[in-house]
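Down below is the structure, laid out as structure tokens.
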Amino acid sequence: MTWSDVEAYVAARAPKSHAGFRGVAASDLTRFERETGTTLPGAYRAFLLRAGTHAGGLHPLGDCWAHDFPSFAAVPPDEAFLEAGLLRIGLFTDESALTPSDLYLDVSQGECDDAMLFDYEQDQLFDRQWLRPRGLSFLDTVSSSFFQQLQTHRLETRLGIDVARADRAETRSRIAEVLRTLGLGAVLAPSDRLSTHAGLEVSALIEARTSASYVFVDLGGDDHSALGRVTRALLDGVPGLLRLAGGDVGARRSTGGGR
């Protein structure tokens, strides 16, 4: 998954929001990196170039975190955090919270594509023992956040696939290949997190649950012809599928992004 995949998903689901994306100039990012001695992860840099100033009314890091990069860049980063390889990218804005925590990105790895996020209590002096790993990377967080915001009250068709536990990773990859040949552009998440991508005809989401042998494919809209087309292609193109599960196949109303 790349930032381009995430942006394509937003463009397909919410074209008005996508049209409202406003990015940061590349020269401003280069100057910021030079002045702070940091190298921004590729995915975060790509995001900033497209939506670092405004994300069309969406909240890339979640409802409670402001992400306006120019505002951050206008204030010199805390040296203690920078020395620890951490850059604040999300400002907590919910004034009712008892312990508001800002979001920090790990920038210690140099020229990497993605990086992990950490929570740290707002306005506190840096002490590594109080750093709380989120367990999610920047792309994980943004893709999940956009998915949840754009899935509310959406009709979706779900296809459940029972795969062999022994070759689950390989089978998930084969499923992704088949979906891409259908123009769905879907990639399976490597763990229990969600990976969302836009398709040319319908949208697809893969939820790979490591605790079970099921993989679910959600097809946007009440499109049963698409469901049949995908089902046939998967049966023909993915060795190792034990059966296509009938549970939840059909249109149902989703009330949110969580499962």
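None of the figures in this text is laboratory data; all of them are computed from the coordinates on show. These figures come from a predicted structure and were not determined experimentally. Cβ atoms come from the backbone with ideal geometry, glycine included; neighbour counts cover every protein chain shown.
Brief remarks on what is shown
- Packing, as the average of other Cβ atoms within 10 Å across residues, places the peptides 137-149, 59-71, 24-36 in the order 137-149, 59-71, 24-36, highest first.
- The dipole here belongs to segment 3-144: it is taken about the Cα centre, uses +1 on the Cβ of Lys and Arg and -1 on the Cβ of Asp and Glu, and is about 540 debye.
- Computed from backbone phi with θ = phi - 60° and the Karplus coefficients 6.51, -1.76 and 1.60, the 3J(HN,Hα) list for segment 134-145 is 7, x, 10, 7, 4, 5, 4, 5, 5, 5, 5, 5 Hz; x is used for glycine and proline.
- Cα pair distances exceeding 25 angstrom across segment 3-144, given as percent: 23 percent
- Dipole magnitude for segment 1-58: computed about the Cα centre from +1 point charges on Lys and Arg Cβ and -1 point charges on Asp and Glu Cβ, it is near 160 debye.
- A simple spin-label model places pseudo-atoms 7 Å from Cα toward Cβ; at Ala19 and Asp94 they are separated by 3.2 nm.
- Mean-position separation - Cα centroids, segment 78-154 and segment 1-59, in angstrom: 16 Å
- The Glu79 and Ala26 beta-carbon pair, evaluated with R₀ = 30 Å, returns a calculated FRET efficiency of approximately 0.75.
- Thr36-Ala233 pseudo-label distance in nm [points 7 Å out on the Cα-to-Cβ vector]: 4.0 nm
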